[in-house]
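This report concerns only the one structure given below.
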Amino acid sequence: MADRAEVDIRTAVVDDEVVRVHVAGEVDLLTVPSLAEALAAAGRLSPRLIQVDLSAVDFLSVSGAAELAEAAARIPVQVGPASHASRVALAAAGLDHLLA
């Protein structure tokens, strides 16, 4: 039996204008709904910016990158710090402009 991918997502209000979402683990088809909910919840706080920390992400799938792009279409999103795997995936998806 294959291991299930796991992701740990924590959200923190930095100040009145910034919400930080810290993601750790693997962001794939099974875990991207958790990322989507965290980004939506952060957006409901009406921040000026959502900072997404991907420094502890081991794998970022196309669906995970797409979710970041969808969030960025609704509210400014800045990714950083980011792991090497995350940077490669975002660059391959043409989303490296989200990197801080």
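Each value in this text was obtained by applying a stated rule to the coordinates, not by laboratory testing. Just so we're clear, the structure is a prediction, and the values are computed from it rather than from any experiment. Note: ideal-geometry Cβ built from the backbone for every residue, glycine included; neighbour counts use all protein chains shown.
Can you find, among 11, 61, 23, the residue sitting farthest towards the positive end of the charge dipole of the stretch 7-98, where Lys and Arg contribute +1 and Asp and Glu -1 at Cβ?
Looking along the dipole axis, the top candidate is 11.
After finding the eigenvalues of the alpha carbon gyration tensor for the chain, what semi-axes result from the square roots of 5 times each, listed largest first in whole Å?
Equivalent ellipsoid semi-axes, largest first: 20, 15, 12 Å.
Per 0.36 nm of contour for each residue apart, how much would the distance between residue 41 and residue 5 grow if the chain were fully extended, relative to their Cα-Cα spacing?
Contour length minus the Cα-Cα distance gives 10.7 nm.
Tell me what the chain gives for mean residue ellipticity at 222 nm when only DSSP H runs of n ≥ 4 count, each as -39,500 (n - 2.57), the sum divided by the residue total, rounded to 500 deg cm²/dmol.
When only DSSP H runs of four or more count, the value is -11000 deg cm²/dmol.
Using the Karplus curve 6.51 cos²θ - 1.76 cosθ + 1.60 with θ = phi - 60°, what ³J(HN,Hα) values do you get for each residue of the stretch 90-95, in whole Hz, with x for Gly and Pro?
Karplus-based 3J(HN,Hα) across the stretch 90-95 equals 5, 5, 5, 8, x, 10 Hz.
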